[in-house]
Amino acid sequence: MSKATDVMTPDDAAHGHDEHHDHHIPKGITRWLFTTNHKDIGTLYLWFAFIMFLVGGAMAMVIRAELFQPGLQIVDPNFFNQMTTVHGLIMVFGAVMPAFTGLANWLVPMMIGAPDMALPRMNNWSFWILPFAFLILLSSLFVEGGGPAFGWTFYAPLSTTYSGDSTALFVFSVHIMGISSIMGAINVIVTIFNMRAPGMTWMKMPLFVWTWLITAFLLIAVMPVLAGAVTMVLTDKFFGTSFFDAAGGGDPVMFQHIFWFFGHPEVYIMILPAFGIISHIVPTFARKRLFGYASMVYATASIALLSFIVWAHHMFTTGMPLFAEMFFMFATMLISVPTGVKVFNWVATMWRGSLSFEVPMLFAIAFIVLFTIGGLSGLMLAITPVDFQYHDTYFVVAHFHYVLVTGAIFSIMAAVYYWLPKWTGKMFDVTLAKWHFWCSLISVNLLFFPMHFVGLAGMPRRIPDYSLQFADFNQWISIGGFAFGLSQFIFLALLIKACKKEGEPVSDQVWEGAEGLEWEIPSPAPYHTFETPPVVK
Amino acid sequence: MTQKNNQNRNMVLKLVVIVIGMFGFGFALVPLYDVFCDITGINGKTRNSAAAYEAVEIDESREITVEFITRTNTGMPWEFRAETKRVKVHPGELNTVSFYVRNPASGNIVAQAIPSVSPGLAALYLNKTECFCFNQQPLSAGQEAYMPMQFYVDPQLPEDIHYFTVQYTLYDVTARADDLDTQANPFMTQQPESGK
Ligand code: HEM
Ligand SMILES: [Cu+2]
């Protein structure tokens with residue numbers, strides 16, 4: 001890494017003067033430990049997220065290996081439950097959310113013309129407490145009695161009455177993750193409010209910045225509620241309170257209300273920044289302006305507001321009265337209107353554009369198609385009477401993996417391919433990238449599409465065994481799973497090559513149709529950018 | 001630059017207030033939930049204090065079937081059953097049903113019964129003038145008891161409800177019981193068997 005600036009091709013020489021900034025970058029491990037530079041911290045977040053993605057992925061491989069055949073063969077049911085639980089927690093809090101925060105760190109200051117994040121020291125803290133949170137969570141797997149096995153949703157009384165002592169570790173690690181993302185969110189909000197370059201008015205802000213701003217508000221609104229929920233679980237379990245214990249006057253159903261009051265906005269936390277990313281990539285490779293910029297902003301805001309009044313669609317089967325079922329059904333369906341507006345705008349942007357299919361665009365198009373499939377299965381789940389059949393089956397698993405893997409994660413990959421040349425100054429290995437895309441695309445559908453069928457046929461989720469009739473589909477699903485897991489090593493290889501600064505140097509604009517402040521600074525982006533703010537016309 | 005720092009600090013302070021407020025809101029949801037369910041009666045919880053039986057007019061024209069189901073929580077060894085599985089009542093009429101419990105374990109156990117009504121909306125119209133669920137119920141090893149429950153159905157019960165179910169779940173609350181004196185159980189029918 002320290003050799004990076006030595007090699008300079010003729011093309012690069014043109015930007016040589018910018019690299020002068022680089023010579024006072026501290027070297028070695030202390031650079032990363034004490035850094036307050038938004039680009040360094042962005043890189044840390046992204047690598048951390050990728051490592052967590054591989055760790056959580058390894059757990060998914062255990063799950064799929066066990067489900068390869070009916071019957072119990074590889075792991076015991078308690079360990080299986082720990083795998084589904086920790087897989088979910090790691091992917092949500094360790095992979096998707098930190099990856100978005102990493103992208104925000106890299107991109108938000110560059111997009112609004114700011115020299116750094118508003119609170120650089122807090123930025124350092126909010127990253128560096130994360131590895132400890134996950135060390136604690138992972139170490140809980142080795143505690144006697146095993147780690148958390150109650151599902152990522154930690155419903156009471158599973159997490160209060162029927163859980164092991166490791167629950168304390170789980171609660172503690174969720175607290176740290178929460179603090180980290182709240183600090184990250186505060187940083188994003190303050191940066192966007194106070195650090196925009198002159199002339200960067202609200203309605204000129206790039207959509208990634210808009211979507212992240214709204215996400216950050218969602219984060220500070222609901223992460224504290226999650227912290228409250230885990231705290232109540234902790235005191236119910238260890239200190240004799242009975243928030244969720246009917247015998248002591250509490251109510252276990254209330255747990256679900258509190259959890260999903262956090263949980264549904266949380267799923268939008270994981271998708272709004274993705275909407276922003278896609279809204280950058282599609283116009284670039286369609287060589288057209290984004291269709292309906294203002295409607296995108298309003299759609300994002302209304303999705304965020306509506307996300308607070310739909311939580312009980314996760315609880316249709318808890319015996320709510322009819323009017324509540326109806327209310328949550330229609331409120332949920334209402335959310336698909338602004339979501340539909342977005343999909344419509346992306347398609348309209350591509351309509352009659354001069355399209356080209358570079359790797360980021362491939363991921364973006366896959367996102368649009370596959371996320372829409374996930375949205376449609378969500379709409380099916382929102383229909384109360386049919387949810388009684390689908391609830392807690394693999395149909396739900398299919399739904400949320402379409403929106404989260406081919407949605408959120410594909411958007412993150414699209415973003416990495418789109419902005420990586422700006423970060424490193426070199427074009428990534430396009431052949432490897434295409435292999436990564438096509439292998440992932442095929443395997444991910446083999447992995448998640450048949451889950452719709454087994455779910456409709458009644459296969460329950462979170463069970464290590466299943467009845468014989470599901471055997472064939474499950475084998476295909478597992479094969480898809482292994483293939484998807486392996487495909488990610490192509491990505492790993494590509495990223496390592498990119499960090500070693502291999503590849504053809506790129507221009508400042510990188511992509512022919514790219515627009516925005518980040519494409520006006522040199523490639524690779526110098527360590528310090530916009531120390532004097534640009535003026536936005 | 002310092003102006004900018006002040007600006008940042010003010011904004012951070014405001015955001016931190018929101019964060020703390022939302023943390024508090026999470027806890028405020030607990031009483032809010034109870035109040036909300038109390039008013040609307042939507043979670044099937046009944047009142048846990050005795051209702052007075054004022055001279056309510058008995059509505060002979062309606063007949064409501066009330067069903068009783070019993071259940072013990074996991075790990076709770078008591079036998080527990082409703083002596084009356086099902087009664088037909090007129091709204092306004094006072095009825096008494098009885099539940100049998102026995103403690104087969106070798107130690108004292110204190111139980112708490114928690115009622116739940118389905119459909120939930122009926123819970124508001126089930127008025128209990130006397131119920132074993134209002135208090136914790138202690139039994140020593142081998143003891144048994146018949147516990148009464150006296151209720152009437154409010155004549156205001158919505159027209160479309162003809163049938164509802166009352167489920168009692170017995171929880172073992174020995175660990176946190178207020179009163180371990182098993183002799184105090186007013187419904188006890190039998191002294192502990194000797195030699196046990
Ligand atoms: C059109 C929009 C959407 C609708 C109508 C919708 C609807 C639903 C419904 C009704 C359920 C509950 C199913 C059940 O448990 O029976 C559900 C579950 C879920 N949804 Fe969505 N959804 C939508 C979009 C999304 C998005 C964008 C995400 C995340 C990025 C998401 C993530 C999830 C997750 C994680 C679960 C399962 C939670 C669990 O039980 O573990 N959904 N969705
Ligand atoms: Cu939801």
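In Å², nearest 100, what accessible area do chains A and B bury in total when the solvent probe is 1.4 Å?
Using a 1.4 Å probe on protein heavy atoms, the buried area is about 2600 Å².
What does the accessible area of B:THR65 come to, in Å² to the nearest 10, when a probe of 1.4 Å is used?
B:THR65 exposes around 20 Å² with every protein chain in place.
If you scale each eigenvalue of the Cα gyration tensor by 5 and take the root, what three semi-axes come out for chain A, rounded to whole angstrom and sorted largest first?
Those come to 38, 25, 24 Å.
Leaving out ligands, DNA and RNA but keeping every protein chain, what accessible area does A:GLU502 have, in Å² rounded to the nearest 10, with a 1.4 Å probe?
Only protein atoms counted, so the area is about 80 Å².
Could you calculate, for region A:42-243, the ratio of the Cα radius of gyration to the Kirkwood radius, expressed as Rg to Rh?
1.05
Calculate how large, on average over all directions, the projected area of the Cα convex hull of region A:43-84 is; give the answer in nm² to one decimal.
3.0 nm²
What does region A:24-106 give for Rg and for Dmax, in Å, if only its C-alpha atoms count?
Reported Rg and Dmax, both Å: 17.3, 60.
Kindly count the pairs of lysines across chain B whose alpha carbons are less than 25 Å apart, treating pairs on different chains or eight or more residues apart as eligible.
Going through chain B pair by pair, I get 6.
Just the number: Rg to Rh for region A:245-284, Cα atoms, Kirkwood Rh, two decimals.
That ratio is 1.43, to two decimals.
Output the relative contact order of region B:44-189, whole-number percent, from Cα pairs under 8 angstrom with separation of 6+ residues.
Rounded, it is 33 percent for region B:44-189.
Output wanted: per-residue J couplings in Hz (rounded whole) for region A:452-467, from phi through Karplus 6.51 cos²θ - 1.76 cosθ + 1.60, θ = phi - 60°, x for Gly and Pro.
These are the phi-based 3J(HN,Hα) values: 4, 5, 5, x, 4, 7, x, 6, x, 7, 6, 10, x, 9, 7, 7 Hz.
Between 0 and 90 degrees, rounded to the nearest ten: what's the tilt of helix A:252-269 against the longest Cα principal axis of chain A?
20 degrees
As a test of reading the structure, rank A:LEU441, B:LEU126 by solvent-accessible area (1.4 Å probe, protein chains only), most first.
A:LEU441, B:LEU126
In terms of modelled amide H atoms, which long-range or inter-chain residues lie less than 5 Å from the amide H of B:THR165?
The answer is B:GLU67, B:SER118.
By average Cβ neighbour count within 10 Å, what is the ranking of A:118-124, B:103-109 from highest down?
Top to bottom by mean Cβ count within 10 Å: A:118-124, B:103-109.
May I ask you to give the average projected area over all directions of the convex hull of the Cα atoms of region A:172-328, in nm² rounded to one decimal?
The number I arrive at for region A:172-328 is 12.1 nm².
For chain A, calculate the relative contact order in percent as a whole number, restricting contacts to Cα pairs under 8 Å that are 6 or more residues apart.
19 percent.
Read phi for every residue in region B:114-122 and hand back ³J(HN,Hα) as whole Hz from Karplus 6.51 cos²θ - 1.76 cosθ + 1.60, θ = phi - 60°, with x for Gly and Pro.
With the stated coefficients, region B:114-122 comes to 10, x, 8, 10, 9, x, x, 5, 6 Hz.
Over the whole of B:6-18, what's the average partner chain Cβ count within 10 Å per residue? Rounded to a whole number, please.
4
Arrange the peptides A:515-521, A:201-207 so that the one whose residues have, on average, the most other Cβ atoms within 10 Å appears first.
For the peptides A:515-521, A:201-207, the packing ranking is A:515-521, A:201-207.
Where only protein heavy atoms count, and the probe is 1.4 Å, what is the accessible area per residue for region B:25-138 in Å²?
Value for region B:25-138: 48 Å² per residue.
Where both residues lie in the protein assembly as shown, what percent of DSSP beta bridges are antiparallel, nearest 5?
80 percent
Per residue of A:181-192, count partner chain C-beta atoms within 10 Å of its C-beta, then hand back the mean as an integer.
Rounded to a whole number, the mean comes out at 3.
Could you pull out every one of the aspartates and glutamates with an alpha carbon less than 16 Å from that of A:LYS288, ignoring same-chain neighbours closer than 8 positions?
List returned: A:GLU358, A:GLU512, A:GLU515.
Taking +1 at the Cβ of each Lys and Arg and -1 at the Cβ of each Asp and Glu, which of B:VAL101, B:ASN5, B:MET147 sits farthest along the dipole of chain B towards its positive end, judged by Cα position relative to the Cα centre?
About the Cα centre, the residue reaching furthest to the positive side is B:ASN5.
Using 1/(1 + (r/R0)^6) with R0 = 30 angstrom and r between the beta carbons of A:PHE489 and A:PHE357, what's the FRET efficiency to the nearest 0.05?
Rounded to the nearest 0.05, the efficiency is 0.80.
Which order do the peptides A:461-467, A:150-156, A:187-193 come out in when sorted by mean C-beta neighbours inside 10 angstrom, highest first?
Listed from highest to lowest mean packing, they are A:187-193, A:150-156, A:461-467.
Using the structure shown, list the pairs from A:LYS422/A:LYS497; A:LYS39/A:LYS537; A:LYS426/A:LYS500; A:LYS204/A:LYS422; A:LYS342/A:LYS537 with a Cα-Cα distance above 20 Å, or answer none.
A:LYS39/A:LYS537; A:LYS204/A:LYS422; A:LYS342/A:LYS537
With the Cα gyration tensor of region A:271-527 giving a ≥ b ≥ c as the square roots of its eigenvalues, does the rule (a/c under 1.5 for rounded; else a/b larger than b/c for prolate; else oblate) give rounded, prolate or oblate?
oblate
Tell me the relative contact order for region A:42-243 as a rounded percent, counting alpha carbon contacts under 8 Å between residues six or more apart.
24 percent
Please give the helix A:394-403 orientation as an angle from the longest Cα principal axis of chain A, in degrees from 0 to 90, rounded to the nearest 10.
For helix A:394-403, the angle is close to 20 degrees.
In Å and on Cα atoms, what radius of gyration and Dmax does chain B show?
23.5, 86
Using heavy-atom solvent-accessible surface (probe 1.4 Å) with all chains present, what is the largest-first order of A:ARG352, B:ARG62?
Highest to lowest solvent-accessible surface, that is A:ARG352, B:ARG62.
Mind listing the long-range amide H neighbours of A:GLY425? Cut-off is under 5 Å, sequence gap 5 or more, other chains count too, H placed in the peptide plane at 1.01 Å from N.
Sorted by chain and number, the residues that satisfy this are A:ALA525.
List, in order, the whole-Hz ³J(HN,Hα) value for each residue of region B:135-151 obtained from phi through the Karplus relation with A = 6.51, B = -1.76, C = 1.60 and θ = phi - 60°; use x for Gly and Pro.
Values per residue, Gly and Pro as x: 10, 6, 10, x, 9, 8, 3, x, 6, 9, 7, 10, 10, x, 9, 10, 8 Hz.
Take the alpha carbon gyration tensor of region B:103-171, find the square roots of its eigenvalues, order them as a ≥ b ≥ c, and report rounded if a/c is under 1.5; if not, report prolate when a/b exceeds b/c, else oblate.
The shape class here is prolate.
Quick one: ranking A:TRP346, A:TRP351, A:TRP423 by accessible area, 1.4 Å probe, largest first, what do you get?
A:TRP351, A:TRP423, A:TRP346
So what does A:ILE258 come to for accessible area, using a 1.4 Å probe and Å² rounded to 10?
The value for A:ILE258 is about 0 Å².
Within a 10 angstrom radius of each residue's Cβ in A:235-244, how many Cβ atoms of other chains show up on average? Whole number is fine.
If you average over the peptide's residues, the count of other-chain Cβ atoms is 1.
Under 12 Å from the Cβ of A:ALA514, count the other residues' Cβ atoms, weight Lys and Arg +1, Asp and Glu -1, and hand me the total.
Residues near A:ALA514 contribute -4 overall.
Label region A:227-270 by shape, choosing from rounded, prolate and oblate, from the square roots a ≥ b ≥ c of the eigenvalues of the Cα gyration tensor; if a/c is under 1.5 it is rounded, and otherwise prolate applies when a/b is larger than b/c, oblate when it is not.
Here region A:227-270 falls in the oblate category.
How big is D for region A:255-348, in µm² s⁻¹ as a whole number, if Stokes-Einstein is applied with the Kirkwood radius of its Cα pairs at 10 °C and 1.306 mPa s?
110 µm²/s
The values are calculated or read from the model by the stated rules, or taken from the named source; none is laboratory data. Note that the structure is a prediction, hence the values are computed from the model and not measured. For neighbour counting, all protein chains shown are included, and Cβ atoms are generated from backbone atoms with ideal geometry for every residue, glycine included. Surface areas here come from the heavy atoms of the whole protein model, side chains and all, with no ligands, DNA or RNA. Shrake-Rupley method; radii C 1.70, N 1.55, O 1.52, S 1.80 Å.
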